[in-house]
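Here is the structure we will look at, set down as structure tokens.
The values are calculated or read from the model by the stated rules, or taken from the named source; none is laboratory data. Remember, it's a predicted structure, so these values are computed and weren't measured experimentally. Ideal geometry is used to build each Cβ from the backbone, glycine not excepted, and the neighbour counts take in all protein chains shown.
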Amino acid sequence: MPLRPRASVDRYNHSLTYTQRKARPVSMIVTAEGPSGRAKIRSDEPKHALGLAQYLRTIGYNAWIEDTNGNAIDEKALKMAISSRHVDAPSS
């Protein structure tokens, strides 16, 4: 009987904090209206979504971030969550 490879997912990853283990990825949509029309870009990474919204504003678009239900996401709160996540991250 052939051996099965071990599962690559560690169910009990003790190197993560409780909050990091319980956090679920959140899909966000960066919506922008500008000279060439409307754009919607999906992102699962908050830092990417913030950077994209800021970039779109610099090139003349009116941009904001929404959740998948169309509700606006508070960008200041998102920035604070990103910075606190980096503070909690283990240093290498």
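Looking only at residues that are hydroxyl-bearing (S, T, Y) and under 15 Å from the mean Cα position of the chain (by Cα) in the stretch 59-92, which one is modelled with the highest pLDDT?
It comes out as T68.
I'd like the full set of residues that are surrounded by 18 or more Cβ atoms within 10 Å (Cβ to Cβ) and touching a residue at least 24 places away in the same chain (Cβ under 8 Å), limited to the stretch 30-67. Give the derivation first.
Just the residues of the stretch 30-67 that are surrounded by 18 or more Cβ atoms within 10 Å (Cβ to Cβ), to begin with: 30-32, 43, 46, 49-50, 52-53, 56, 61, 63, 65.
V30, T31, A32, P46, A49, L50, L56, Y61, A63, I65, listed by residue number.
Restricting attention to the stretch 54-83, and to residues there that are of a type in the set (S, T, N, Q) and part of a helix (DSSP H, G or I), which single residue is nearest to R42 (Cα to Cα)?
Filtering first and then ranking leaves Q54.
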